[in-house]
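Colleague: Dumping the structure here so I can ask a few things about it.
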Amino acid sequence: MTRRLGFGLGLAALSFAWSPAALGDEAPANVPVNAPVDAPADARAETAPVAEPAPVASTSPPVGPPAAPAPADATDAKSSDALVDPTMRRSWWEGKDRLFFATTVDGGYLYVRPRASFGYGLPFTRWFGVDVNPVATGAGLAAYGGLRLSLPHFDVRVGSRYFSAFQHSYLPVKDNYGRLDLENAALDRARIVTHEVELDGTVPVGPGEVLALASGSYVANVPNGAYVFEETLKVVVNPPLVWRLRGGYLLRLGAYNQHSVGFVADVLNVPRRESDTTVRAGPVFRVVLSRHFEVRGSFVLTVWSPDRLGLSGGDFTELGVRYRWATE
């Protein structure tokens, strides 16, 4: 027992003799354990940086407005701008007076009416020039050409129209006509020329505008002793003259007053017919989708006429879409 105790005390003394503290080599308390052993003592005495703790996500709602997104670089901005037409305008009233070429295409049930215009000014709003207008309908083919002056609230045109009917013929003289009389096979198919002057104006009144139209037509190329159905005016004519008056009111709608809906009435007079007057009335509307596209409708039906022509005798020619384009 005494021998074992002596052996243990001997080992403890030997361990103390070889410890760094006993030899005077104990590292200073402020020297990191990972400092290079060959570094100077003062370098090894520098404290190593302490890593900061990771931020803790906040569960409270953000205060103030959200931060603005970082701006895109110049390359992205330039490429996106290239997709936008810098000359795009809201309406045809914008821009400068200029020489231009313009097209208008009306399309709907059984009709297509393209029109080309060459002129100077603002297309479709304020200009002077030439209109060329081929027409294709279920009743026949036509072509119109003439001069036109368009100003704010006023429009005047002078020109001639040729119409070649598919089914309607020249008509033998009668006091009145029915729809089937227009297809009388006893005479040739109608091929007529109509020379026309038309004045069209509007006056702003209240939330809309009063409209007025007056036209005079001279119908030619009709055989002696025959009448003819004028396909544009939709009235039976004893040549050569036809007078037309239209009046009405249009209510303007939309953020820019671009849409309209209203009511109109027509009076047509054929001086050389004994029963010479036709009266029509009905609603009209226009919905502008953009400066290029709009939807138009006209439901002007016959109220009084010497003839019984049904829808053939009404201004039922417009129920469709209009497309407009012009050079910038």
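What follows is calculated from the coordinates using simple rules that are stated; it is not laboratory data. Not measured: the values here are computed from a predicted model. Ideal geometry is used to build each Cβ from the backbone, glycine not excepted, and the neighbour counts take in all protein chains shown.
Colleague: Taking the Cβ-Cβ separation of residue 189 and residue 111 as r and a Förster radius of 25 Å, what is the calculated FRET efficiency to the nearest 0.05?
Modeller: Numbers: r = 19 Å, r/R0 = 0.76.
Efficiency, rounded to the nearest 0.05: 0.85.
Colleague: With the dipole of the stretch 156-207 worked out from charges on the C-beta (+1 for Lys and Arg, -1 for Asp and Glu) around the Cα centre, which of 158, 202, 192 lies farthest toward the positive end?
Modeller: It is 192.
Colleague: Cα centroids of the stretch 107-144 and the stretch 274-315: how far apart, whole angstrom?
Modeller: 19
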